[in-house]
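> Before I ask anything, let me first share the structure, which is written out below as structure tokens.
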Amino acid sequence: MQITSKLGQKIISKVAKYTDLDINIMSIDGLIVASTDDSRVGELHTGAVEVLKTHKELIIDQQELTRYPGTKQGVNLPIYHNDKEIGVVGVSGEPHIIYKFTGLIRTAVEVVLEQIHIERQEHYQQRQWNYWLHQLLHPSGFNKEKLEEDATYSLQINYRADWRAVVLFGTIEQDVLTTIKREIQSMELDTLFILPFLENEIVIAIPGDFTRLEYLCNKLVKLSGNYARLGVGEEGFGLVGIRNSYVQAKHALAFSERKDRISYSWDWVMERLTLAIDNEQYMLVSSEYENKIRNLESTYLETIDAFLNNNLSIKKTAAFLHIHRNTLLYRLDKVYKKTGLDPRVFNDSCILKIVRTKQICAMIQIN
């Protein structure tokens with residue numbers, strides 16, 4: 001770490017809060033890079049040059065001033081970081097009065113330097129993590145070999161295990177991430193990562209064999225406030241497994257269409273299976289039905305969706321839609337006449353389910 005003007009001023013601003021003494025911070029070249037007296041910044045401090053040359057403290061009294069032009073009487077001590085001399089701190093005043101204070105100030109400077117160093121390391125590591133996650137979850141694919149290498153050597157994580165992605169999505173307060181990390185730590189849950197992603201997501205990779213999943217999900221939703229929702233993917237091995245699980249969690253969120261705060265991917269197997277159908281092949285087989293169903297009035301689309309979601313039950317669907325049984329039968333007859341597909345017939349209902357799922361996915365931009 002080098003003491004630059006920016007870093008030196010940051011140190012001065014922190015240390016000067018606790019003393020009225022005149023303090024100078026000098027770089028490894030002996031230049032004053034920060035001072036409680038702004039007019040001295042940029043000057044060469046000959047006393048600091050001597051300290052850096054001899055690697056010893058320098059006390060300048062009234063008699064010594066002529067030997068060190070441009071200085072004031074005071075005490076100058078070398079600054080160390082990681083056992084390396086990186087600059088000098090000087091405090092002006094009567095040496096016998098300020099000597100002990102100068103030692104305390106040097107200690108304070110070194111503590112601040114260490115704090116800044118740790119903050120920089122954490123910030124750098126956070127940037128590494130964010131970049132790595134963006135590469136892993138990029139929609140166009142990822143370089144598996146490169147990301148595995150980065151995970152091993154840069155991030156130093158063991159990704160070779162079964163992981164499950166949990167995605168917290170929505171309007172999330174700034175401090176929620178810290179709260180979530182604290183809560184997960186209290187549960188002694190060994191996550192691979194807990195990271196913000198995109199503009200409104202927090203992605204968590206938890207062990208695939210974690211048994212308190214429902215409890216965790218309810219806790220996360222509670223901690224996240226009133227607007228966030230949670231999607232949960234299935235477990236998978238390594239980086240490919242994490243990526244697939246993330247996509248599954250996002251699909252679960254989309255399929256639930258804001259109806260549930262927690263949505264699990266295994267509750268949407270039919271929808272996920274439909275997504276796996278190649279679009280070109282789908283249109284070759286289903287284009288005739290696709291157009292007819294798309295052109296249905298919203299009442300009939302609502303009726304189809306309700307009937308399929310209620311397991312083809314006339315009684316349950318009528319109750320769900322708050323209509324008479326005969327009204328429902330009339331609508332189903334009309335669907336059959338307009339599309340050639342009878343929702344009450346198993347094969348026809350399967351086609352309707354696939355087409356409606358594809359249409360809904362297109363509307364909410366799932367691919």
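The values are calculated or read from the model by the stated rules, or taken from the named source; none is laboratory data. Note that the coordinates shown come from a computational prediction; the quantities given were computed from them, not determined experimentally. No Cβ is skipped: glycine too gets one built from the backbone with ideal geometry, and neighbour counts run over all protein chains shown. In case anyone asks, the SASA skips ligands and DNA or RNA and just uses the protein heavy atoms, side chains included. Shrake-Rupley method; radii C 1.70, N 1.55, O 1.52, S 1.80 Å.
> Quick one: compute a quarter of the convex hull surface over the Cα atoms of region 116-215 and quote it in nm².
7.6
> Quick one: what are the phi-derived ³J(HN,Hα) couplings along region 335-342, Karplus 6.51/-1.76/1.60 with θ = phi - 60°, whole Hz, x for glycine and proline?
With the stated coefficients, region 335-342 comes to 4, 4, 5, 7, 10, x, 10, 9 Hz.
> Add -39500 (n - 2.57) for each DSSP H run of 4 or more in the chain, then divide by its residues: what number comes out at 222 nm, to the nearest 500 deg cm²/dmol?
Only helices count here, giving -17000 deg cm²/dmol.
> Okay, moving on. What part of the accessible area of the chain, given as a whole %, is carbon or sulfur when the probe is 1.4 angstrom?
The nonpolar share, carbon plus sulfur, comes to 50 percent.
> So which of K17/K56; K14/K84; K181/K222; K315/K337; K337/K358; K17/K53 end up more than 19 Å apart, counting from Cα to Cα?
Flagged as over cut-off: K17/K56; K14/K84; K315/K337; K337/K358; K17/K53.
> Please report the base-10 log of the normalised intensity I(q)/I(0) for region 207-359, using a Debye sum with one equal scatterer per alpha carbon and no solvent, at each q in 0.17, 0.20 (1/Å).
Per q value, in the given order, log10 I(q)/I(0) is -1.03, -1.19.
> I would also like to ask the following. Enumerate the calculated ³J(HN,Hα) couplings along region 10-20 in order (Karplus 6.51 cos²θ - 1.76 cosθ + 1.60, θ = phi - 60°), each rounded to whole Hz, writing x wherever the residue is Gly or Pro.
Rounded to whole hertz, the list is 5, 5, 4, 4, 7, 6, 5, 5, 10, 7, 9.
> Grab the beta carbon distance between Q121 and F101, set R0 = 22 Å, and tell me the FRET efficiency rounded to 0.05.
The value I calculate is 0.15.
> While we're looking at this one, here's another question. At a 10 angstrom cut-off on C-beta neighbours, averaged per residue, how do the peptides 11-23, 81-93 rank from highest to lowest?
In descending order of packing, they fall as 81-93, 11-23.
> With each label point set 7 Å from Cα along the Cα-Cβ vector, what nm distance links E288 and K338?
Label-label distance for E288 and K338, simple model: 1.9 nm.
> Related question: So how compact is region 68-107: Cα radius of gyration and Dmax in angstrom?
Both quantities, over Cα of region 68-107: 10.8, 31 Å.
> Once amide H atoms are built 1.01 Å from N in the peptide plane, which residues 5 or more positions from H81, or in another chain, come under 5 Å H to H?
I86
> Can you tally the net charge around K338? Count Lys and Arg as +1, Asp and Glu as -1, for every other residue whose Cβ sits under 10 Å from the Cβ of K338.
+1
> What is the sum of charges around M187, taking Lys and Arg as +1, Asp and Glu as -1, for the other residues whose C-beta is under 9 Å from the C-beta of M187?
Within the 9 Å Cβ shell, the charges total 0.
> Could you work out how far helix 298-309 tilts from the main Cα principal axis of the chain, as a 0 to 90 degree angle to the nearest 10?
80
> Here is a follow-up. Once you list every other residue whose beta carbon is under 15 Å from the beta carbon of Q281, what net charge do they have if Lys and Arg are +1 and Asp and Glu are -1?
-3
> Another one. Tell me, what is the per residue accessible area of the chain in Å², probe radius 1.4 Å?
Result: 57 Å² per residue.
> Give, to the nearest whole percent, the P(r) tail of the chain beyond 37 angstrom, counting all Cα pairs.
Distances greater than 37 Å cover 51 percent of the Cα pairs.
> Separate question: Taking just the alpha-carbon atoms of region 247-303, what radius of gyration and Dmax come out, in angstrom?
13.9, 37
> Loop-only GluC sites (Glu not before Pro) in region 133-205, please: DSSP not H, G, I, E or B, and at most 10 other Cβ atoms within 10 Å.
Those that pass, being in a loop and sparsely packed, are E188, E199.
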